[in-house]
Each structure stands twice: as structure tokens, then as C-alpha cells.
């Protein structure tokens with residue numbers, strides 16, 4: 001799991017692992033913000049999550065000014081997703097400033113390179129011969 005805990009250990013409270021996993025969440029949130037839209041964290045509740053673990057993630061969201069909604073769909077069905085639905089509805093009522101990470105007129109290779117660098121943290125793209133052939137087909 002993202003916090004480094006083995007699946008068979010998830011039933012034990014582990015705030016340190018939750019905090020370690022927040023690095024991954026922060027990366028996703030920052031990636032979404034690059035598109036000029038407001039992210040909403042859907043905190044998918046698991047049966048073994050403790051109130052302290054949930055509070056840890058909610059506090060991170062508050063500290064980082066990120067919307068968060070606890071989702072309990074697995075346990076409560078559709079009713080467990082109402083908080084998330086309300087958050088999404090609220091964001092939809094606000095103006096958004098969506099933007100692409102690249103200029104739409106750029107060549108496909110340049111668009112791919114931008115996504116690799118901006119979203120995945122890569123430094124360079126090497127296109128295999130198969131990928132080069134596919135890119136050529138897309139341009140035709």
C-alpha cells in the first residue's frame with residue numbers, strides 16, 4: 001500500500017504509515033491543480049480505518065486547503081457517497097480555470113514529453129521504434 005504497510009497489517013492503526021502515504025496523495029492533488037481545477041479528495045473509508053487515521057488525512061487536507069469527503073459507499077451504498085456528491089456539486093457551481101498542460105498546436109511528441117515531465121516527474125522521453133511508428137500513424 002502507499003504507506004508501506006502489508007495488506008495483512010491494515011487492521012492495525014498506523015498513523016506513521018498514513019502520513020507516509022500522504023506524499024502520494026499530495027502528488028496527485030498537485031497534478032490536478034496544474035490543470036487549473038480544484039481537486040476533491042475522496043477518502044474511501046475501509047473497515048479497519050481508525051478515527052485517528054481518518055482525522056490525520058482530514059487534517060492534512062485542511063492544512064493544505066484541499067476539499068475532502070469521506071466516502072463509505074462500500075458499507076452504506078449510495079448514501080455513503082452523498083458527502084462526495086455534495087462536494088462535487090459545490091465545486092461545479094464555482095468558476096473553474098481548466099487549462100491544458102501544453103499548447104494544443106504542439107506536436108504530439110512535445111505533448112507527451114510535457115505530460116511525462118509535469119505529471120510523472122520524468123526528465124526525458126525515449127520513444128521506442130513501435131511508439132515512433134504509432135506516432136507516425138496518428139499524424140496521418
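Of 85, 61, 55, which residue is modelled with pLDDT of 95 or more and within 15 Å of the chain's Cα centre (by Cα)?
61
So, residue 125, is that one touching a residue at least 60 places away in the same chain (Cβ under 8 Å) and surrounded by 12 or more Cβ atoms within 10 Å (Cβ to Cβ) or not?
Criteria not met by residue 125.
What number of residues in region 39-65 are part of a helix (DSSP H, G or I), in contact (Cβ under 8 Å) with a residue 24 or more places away in the chain and out of contact with any strand residue (DSSP E or B) (no Cβ under 9 Å at 6 or more places or on another chain)?
3
Residue 111 passes all but one of (1) under 23 Å from residue 27 (Cα atoms); (2) touching a residue at least 24 places away in the same chain (Cβ under 8 Å); which number fails?
The number of the failed condition is (2).
Could you identify the single residue in 118, 103, 83 that is within 30 Å of residue 69 (Cβ to Cβ) and outside the structural domain of residue 34 (by TED's automatic domain parsing)?
Only one candidate passes the filter, namely 118.
The values are calculated or read from the model by the stated rules, or taken from the named source; none is laboratory data. Quick caveat, the model's predicted, so the values are computed rather than measured. With ideal geometry, Cβ positions are generated from the backbone for all residues, glycine too; neighbour counts draw on all protein chains shown.
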